[in-house]
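K.L.:
The structure follows.
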Amino acid sequence: MKQREALRRQKEEQEARKKTGWRNRRRRLSGRMRKRKIALAASAGIMGISTAATVPGTQQSVNMQQAIERVAPDIRTSAALMKASDELKAAMIEEEGVRYTVYRDVAGYPTVGVGHLIKPGDGLSVGDRVTEEQVLEFLEQDLAIAEAGVARLVGDLPLFQHEFDALVDLVYNVGEGNVSPGKSPKLNAAISAGDYQAIADELAYHNAGGALARGLVYRSERRVNIFLEAAYEDPRELRTEINRSA
């Protein structure tokens, strides 16, 4: 009995060490990858967009958010005071790509820039080209819409920055209408209950135009990782990096 118990404990300790080693390696790799992605995005000029705009319905600016983060970075705060982080912008740029020619996305909608859906007022058609300034303007506009959408979605529920970022990515990707109580009742119920794990469970959206889109499956996995672990790196690339370093 004692021998079996000792063997069981030894096995458990080995598994615990293995998991700890994997997590540490994952953190080191993800840190390097995150810095690289932000540097690449910054070099492309995308991080140069203005962050001075306020969320509609509030007079608080991003400066208030930065002040809160300096004082208490590990405390959840109001979504109405928050803006998308540079880490999220880098992840979104990687997922969406930056396109200067109007194209049709997987659902058939005319799109340009960083996943910007063309509106009638944009005056653009498939095949038209845009400038970098237009790409940045579209991104700034779309982020502001998504940020305000998240503030409306969560109401008084406080969030960490990475939780807010994941929800911004969701609203940016699927539109505020698709996270409404009628379209996403479980997500809204989880928010009402203040159940953060249940919110994470509802962040996966895999279909576009009524069909499964493999890219959205990967993006959903990344979104959940951001929400739960503040892990912004591409899970596909991370797995490759881990396998190479193993």
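K.L.:
Are there any pairs, at least 6 apart or on different chains, whose C-beta atoms fall under 6 Å, with the first in segment 99-121 and without any contact (Cβ under 8 Å) to a residue 12 or more places away in the chain and the second open to solvent by 70 Å² or more (accessible area, probe 1.4 Å) and among the aliphatic types (A, V, I, L, M), and if so, which?
P.N.:
Y109/L117
K.L.:
For segment 127-150, give me each residue that is in contact with a Phe, Trp or Tyr (Cβ under 9 Å, 6 or more places away or on another chain) and open to solvent by 20 Å² or more (accessible area, probe 1.4 Å).
P.N.:
Start the filter on segment 127-150 by keeping residues that are in contact with a Phe, Trp or Tyr (Cβ under 9 Å, 6 or more places away or on another chain), which leaves 127, 129-132, 134-135, 142-143, 145-147, 149-150.
Once the filter is applied, which keeps residues that are in contact with a Phe, Trp or Tyr (Cβ under 9 Å, 6 or more places away or on another chain) and open to solvent by 20 Å² or more (accessible area, probe 1.4 Å), segment 127-150 yields G127, R129, T131, E132, Q134, D142, I145.
K.L.:
Only one residue in G97, G123, G113, G108 is open to solvent by 40 Å² or more (accessible area, probe 1.4 Å), more than 27 Å from L157 (Cβ to Cβ) and not aliphatic (A, V, I, L, M). Which one? Walk me through how you get there before you give the answer.
P.N.:
Details: G97 fails: open to solvent by 40 Å² or more (accessible area, probe 1.4 Å); G113 fails: open to solvent by 40 Å² or more (accessible area, probe 1.4 Å); G108 fails: open to solvent by 40 Å² or more (accessible area, probe 1.4 Å).
Exactly one residue qualifies, and that residue is G123.
K.L.:
Still on this structure, I have one more. Among what's in segment 70-94 and is surrounded by fewer than 16 Cβ atoms within 10 Å (Cβ to Cβ) and not in a loop (DSSP other than H, G, I, E, B), pick the residue that is modelled with the highest pLDDT.
P.N.:
Here the residue is R70.
The values are calculated or read from the model by the stated rules, or taken from the named source; none is laboratory data. Given the structure is predicted, the values throughout are model-derived calculations rather than measurements. Cβ: placed from backbone, ideal geometry, glycine included. Neighbour counts: every protein chain shown. Surface areas here come from the heavy atoms of the whole protein model, side chains and all, with no ligands, DNA or RNA. Shrake-Rupley method; radii C 1.70, N 1.55, O 1.52, S 1.80 Å.
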